[in-house]
Amino acid sequence: MSDPRRITHLIDGRPWEGTAERTGPVHNPATGEQTGVVDLASAALVGAAVTSAKAAWQQWRDVSLAKRSQVLFAFRELLHARREEIAAVVTAEHGKVLSDALGEVTRGLEVAEFACGIPQLLKGGFSENASTAVDVHSVRQPLGVVAVVSPFNFPVMVPMWFVPLALACGNAVVLKPSEKDPSATLAMAALWKEAGLPDGVLQVVNGDKEAVDALLTHQDVAAVSFVGSTPVARYVYETGTRHGKRVQALGGAKNHMLVLPDADLDLAADAAVNAGFGSAGERCMAVSVLVAVEPVADDLVARITERMAGLRTGDGTRGCDMGPLVTRQHRDKVASYLDAGTKAGAKLVVDGRKGEFDADGDGFFLAPTLFDHVTPDMPVYTDEIFGPVLSVVRVASYDEGLALINANPYGNGTSVFTNDGGAARRFQREVEVGMVGVNVPIPVPVSYFSFGGWKNSLFGDTHAHGTEGVHFFTRGKVVTTRWLDPSHGGLNLGFPQND
């Protein structure tokens, strides 16, 4: 076994050359082997990165929209050309299978493509002669230095939700990836320099809570974008706003898939397996609860069980259907819910702890798991497990299913499977969730719409990417102008009137 490689920060366009006071391990989840040692930033180093970013921003904000677009186009081309090698890095440190990792990179590319249209997105309004000889126009201007704190489950896509738009709008960015799998984020960030982004406009600092707290409290950080668990999202929002920052903090989820009796059950079973177990369930948009409206539950559980029997779990480079979980600790935590669910009275239909895994070494594996007869008071229902565990809740009617979903404290994503257009239309209007799919199990919006949930799944008013993302990374300004003939002088202490 080779020595773990050093993984360090990207400061002013170059790998950091200092010596870290603290480090953390990075593993290949499929083998259990430690493959890297990541430098963890101190608060002082974060502060230095922010200061450097602020200095670089002074020039970047004055770069024309045309030149910013050229950098974005160049970055898009570079990432597209190297998407397969970056996907391989994702698989090596996160564990998701190669096809899923490539899909992640592709979805991130969509936001970069959207950001390439920044000249159109930043167009203001103009009203000539709003009052006599008075013109009014609006502009949107960058905030300054913004921070992006991204999670382990999408080390490419989630940073891409924010970084391209933030840069396109004229901001400088300090990006903190997850310390569990930072290499893909760093590889992607390095492409910005190659695309022509000036040094310092994008800084990458690896770290843990110390680094995050430094970003949340630094006086020169104007805004923070965060994706992670709900408890941490709430902390980020409360801490950041208390220090005067604009914050969008996307939290956890408990996504429900409502299956009505008239649904195509083969389609619904396929969707439940795909959405429940893709990326080992480590998705904030994964389906973790299937709400079956009777009398279809028995048939649906049987079809899902049959499909699960054909899934192969193992090393993501071997063509398996599902890979490992990201760390041993997380795998053990997810596995503990199998005993908790059984103890609470749920029926363990498929036990993911059993069977063989197609991998070498001691990887962090748990195969797809299915519970039936789950009730809303059980831990497997109430907790965001963030693993390949699908729970089936049986209800007697559409109304009971809708009430169950709306009573849940999370409101990230949901879906309904039905062939009844009227029922689908009613559901999308009545459900209290931010992203809704109709016969679509993972309703992640395309880049020109915005991503974000309701309730405990989002803290802050602004969703990610789309026009809301542009607004988050800019401030509006309205300018009222009058150019008078010199003869129109004089004093008037009254309030300005629209005449």
Given (1) open to solvent by less than 40 Å² (accessible area, probe 1.4 Å); (2) farther than 24 Å from V90 by Cβ, index of the condition L10 fails: (2)
Selection status of E282, open to solvent by 20 Å² or more (accessible area, probe 1.4 Å), touching a residue at least 60 places away in the same chain (Cβ under 8 Å), touching a Lys or Arg at 6+ places or on another chain (Cβ under 9 Å) and not basic (K, R): no
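This table checks each residue for (1) in a helix (DSSP H, G or I); (2) touching an Asp or Glu at 6+ places or on another chain (Cβ under 8 Å); (3) of a type outside the set (A, V, I, L, M, F, W, C); (4) surrounded by fewer than 18 Cβ atoms within 10 Å (Cβ to Cβ).
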position	(1), (2), (3), (4)
G36	no, yes, yes, no
I86	yes, no, no, no
G95	no, no, yes, no
P119	yes, no, yes, yes
Residues (without any contact (Cβ under 8 Å) to a residue 24 or more places away in the chain, closer than 15 Å to S391 by Cβ and not polar (S, T, N, Q)) located in the range 305-348: D339, K343, L348
Checking I405 against (1) touching a residue at least 60 places away in the same chain (Cβ under 8 Å); (2) open to solvent by 10 Å² or more (accessible area, probe 1.4 Å), the condition it does not meet: (2)
Residue count, the range 287-329 (criterion: farther than 19 Å from E356 by Cβ, open to solvent by 10 Å² or more (accessible area, probe 1.4 Å) and small (G, A, S)): 2
Qualifying residue in the range 19-26 (condition: in contact with a Lys or Arg (Cβ under 9 Å, 6 or more places away or on another chain), within 14 Å of H94 (Cβ to Cβ) and modelled with pLDDT of 95 or more): yes
Candidate set: the range 225-246, residues that are of a type in the set (A, V, I, L, M) and in contact (Cβ under 8 Å) with a residue 60 or more places away in the chain; chosen: the one surrounded by the fewest Cβ atoms within 10 Å (Cβ to Cβ): A233
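Being assigned to a helix (DSSP H, G or I), open to solvent by 30 Å² or more (accessible area, probe 1.4 Å) and either modelled with pLDDT of 95 or more or not β-branched (V, I, T) (or both): is that true of S99 here?
So S99 fits the description; yes.
Restricting to strands (runs of 3 or more DSSP E) lying wholly in the range 121-217: which have 2 or more residues that are of a type in the set (D, E, K, R) and open to solvent by 20 Å² or more (accessible area, probe 1.4 Å)?
Of the strands (runs of 3 or more DSSP E) lying wholly inside the range 121-217, those with at least 2 residues that are of a type in the set (D, E, K, R) and open to solvent by 20 Å² or more (accessible area, probe 1.4 Å) span 134-142.
Per-residue answers, yes or no, for (1) β-branched (V, I, T); (2) closer than 30 Å to S279 by Cβ:
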site: V89; (1), (2): yes, yes
site: V97; (1), (2): yes, yes
site: V105; (1), (2): yes, yes
site: F114; (1), (2): no, yes
site: I118; (1), (2): yes, no
site: F126; (1), (2): no, no
Qualifying residue in the range 333-340 (condition: open to solvent by 40 Å² or more (accessible area, probe 1.4 Å) and under 21 Å from G278 (Cβ atoms)): yes
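Here is a yes/no grid of residues against (1) assigned to a loop (DSSP other than H, G, I, E, B); (2) of a type outside the set (S, T, Y); (3) touching a residue at least 40 places away in the same chain (Cβ under 8 Å):
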site	(1), (2), (3)
R394	no, yes, yes
G401	no, yes, yes
V416	no, yes, yes
N419	yes, yes, yes
G422	no, yes, no
R425	no, yes, no
E432	yes, yes, no
P441	yes, yes, yes
V446	yes, yes, yes
Any hit, the range 364-374, residues being open to solvent by 10 Å² or more (accessible area, probe 1.4 Å), charged (D, E, K, R), more than 26 Å from the chain's Cα centre (by Cα) and over 23 Å from H27 (Cα atoms): no
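Let's see how each residue does on (1) part of a strand (DSSP E or B); (2) open to solvent by less than 20 Å² (accessible area, probe 1.4 Å); (3) touching a Ser or Thr at 6+ places or on another chain (Cβ under 6 Å); (4) closer than 23 Å to A168 by Cα:
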residue	(1), (2), (3), (4)
G24	yes, yes, no, no
A30	no, yes, no, no
A44	no, no, no, no
W57	no, no, no, yes
L72	no, yes, no, yes
R76	no, no, no, yes
V89	no, no, yes, no
Residue that is nearest to L40 (Cα to Cα) [pool: residues in the range 164-214 that are among the polar types (S, T, N, Q) and without any contact (Cβ under 8 Å) to a residue 40 or more places away in the chain]: S178
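The values are calculated or read from the model by the stated rules, or taken from the named source; none is laboratory data. Quick caveat, the model's predicted, so the values are computed rather than measured. When we count neighbours, we look across all protein chains shown, and the Cβ atoms used for this are built from the backbone with ideal geometry, even at glycine. The protein model used for the area step is the full one, side chains on, heavy atoms only, and it has no ligands, DNA or RNA in it. Shrake-Rupley method; radii C 1.70, N 1.55, O 1.52, S 1.80 Å.
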